[in-house]
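To start, the structure itself, in structure tokens.
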Amino acid sequence: VIPQLSSPQTSKFKCLPNGCCDEHQWCRFWASIGECTANPDWMTGNCQLACNTCNVGKQQG
């Protein structure tokens, strides 16, 4: 029997006071191997610190 693969579990691994977070402990590693560019849909929302995307999609007011 082959186990089913699922998306990585996230749990706000590291956050800044402004709410910008890396949701997974491996974000920095994934960013270091180019995943911010290769998989931006997932990475920009789940690895904001590692990908430096804290302000992406947020309006300045």
### Query
In the stretch 11-24, what residues are under 9 Å from the mean Cα position of the chain (by Cα) and either in a loop (DSSP other than H, G, I, E, B) or among the hydrophobic types (A, V, I, L, M, F, W, C) (or both)?
Cys21, Glu23, His24
### Summary
Gly45 fails exactly one of (1) modelled with pLDDT under 95; (2) outside any loop (DSSP other than H, G, I, E, B); (3) touching a helix residue (DSSP H, G or I) at 6+ places or on another chain (Cβ under 7 Å), namely (3)
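The values are calculated or read from the model by the stated rules, or taken from the named source; none is laboratory data. All of these numbers come straight from a predicted model, not from anything done at the bench. Reconstructed Cβ throughout: ideal geometry from the backbone, glycine too, with neighbour counts over all protein chains shown.
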